[in-house]
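What follows draws every value from the coordinates through simple rules; no lab data is involved. The structure displayed is predicted, hence computed values, not measured ones. Note: ideal-geometry Cβ built from the backbone for every residue, glycine included; neighbour counts use all protein chains shown.
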Amino acid sequence: MTSEQWTAVDDYLTDLVVRPDEALTAAQRAGDDAGLPAIAVAPNHGKLLHLLACVQGARTILEIGTLAGYSTIWLARALPPDGRLITLEIDERHAAVARANLDRAGVADRAEVRVGPALDTLPTIDGPFDLVFIDADKPNNPDYFRWALRLTREGSLIVVDNVVRRGAVALAGPDNDDPAVQGTRRLLELIAAEPRVNATVIQTVGSKGYDGLAIALVTAGPPSAQR
Ligand code: SAH
Ligand code: DHB
Ligand code: MG
């Protein structure tokens, strides 16, 4: 199988089943037009995030890594009208594109972009969140997971994007010393050692290449010392 085939199948599945609406397509286009990197989740992955948030009955969502707000829109659309989503973005330019996209998608009342390095913003945020989506700079993934644990409750879901990276997470190769790969490996080791989550990791292929997702269900609240 080649990446051309993965993309062709993704296009087929997306056109047939996922059917992103005009606001989502426009959000992708606005990111491209503004010169933002084309690294948003694929439409079928965005819909997976949406469905996970629906199954979760999420009323509060935290996202780390906004870009143009494409995944943000999918997630925010799972919220009830009084639900709240906070998304963290380091780049003011990305945040401006995202805010316009959230507005166009009709979710600006529920979804708020906070600008700054996430590790500076996270200490100012109050949980608990029903779902946390981690999708920012990969070297900080271990810290983002620790924050996600602090800002969730028993029953919350933590989802992490890009944890396989063409296999680099597990296979010897030129990417092995990459801080992004090392950050992701440390994250997976934290998940593995954490008694308060019940987790899996899946490999994915598609229009965004060969990658993977970690999904962790929080099975207990934070230790009382951290509350
Ligand atoms: N979740 C988005 C894609 C996010 S791409 C989607 O699927 O649509 C990763 C984003 O994280 C980029 O916009 C990048 O600027 C941002 N980022 C990188 N380092 C960051 C940091 N330290 N704090 C917050 N955001 C960061
Ligand atoms: C990159 C980041 C992402 O969140 C992603 O989905 C793909 C690539 C990156 O930084 O290269
Ligand atoms: Mg990603």
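Overview of results
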quantity	calculated
222 nm mean residue ellipticity, helices alone, for the chain (DSSP H n ≥ 4; -39,500 (n - 2.57); rounded to 500)	-11500 deg cm²/dmol
Alpha-carbon centroids, region 63-112 and region 156-182: separation in whole Å	25 Å
As computed over region 115-227, the Cα convex hull volume per residue (Å³)	113 Å³
Unit Cα scatterers, Debye sum, region 176-227: log10 I(q)/I(0) for q = 0.13, 0.20, 0.26 Å⁻¹	-0.44, -0.84, -1.06
Distance (nanometres) between label positions extended 7 Å along Cα→Cβ at GLN203 and ASP137	3.0 nm
Fully extended contour minus Cα-Cα distance, from GLN5 to ARG29, at 0.36 nm per residue	6.3 nm
Max mean-square fluctuation residue, GNM over the chain, Cα-Cα springs under 10 Å, options ALA214, ALA30, ALA193	ALA193
Once the Cα gyration tensor of the chain is diagonalised, semi-axes √(5λ) in Å	25, 23, 17
Cα shape, region 2-102, gyration tensor, a/c 1.5 rule	oblate
HN-Hα J in Hz across region 189-196 - Karplus 6.51, -1.76, 1.60, θ = phi - 60°, x for Gly and Pro	5, 4, 4, 4, 8, 8, x, 8
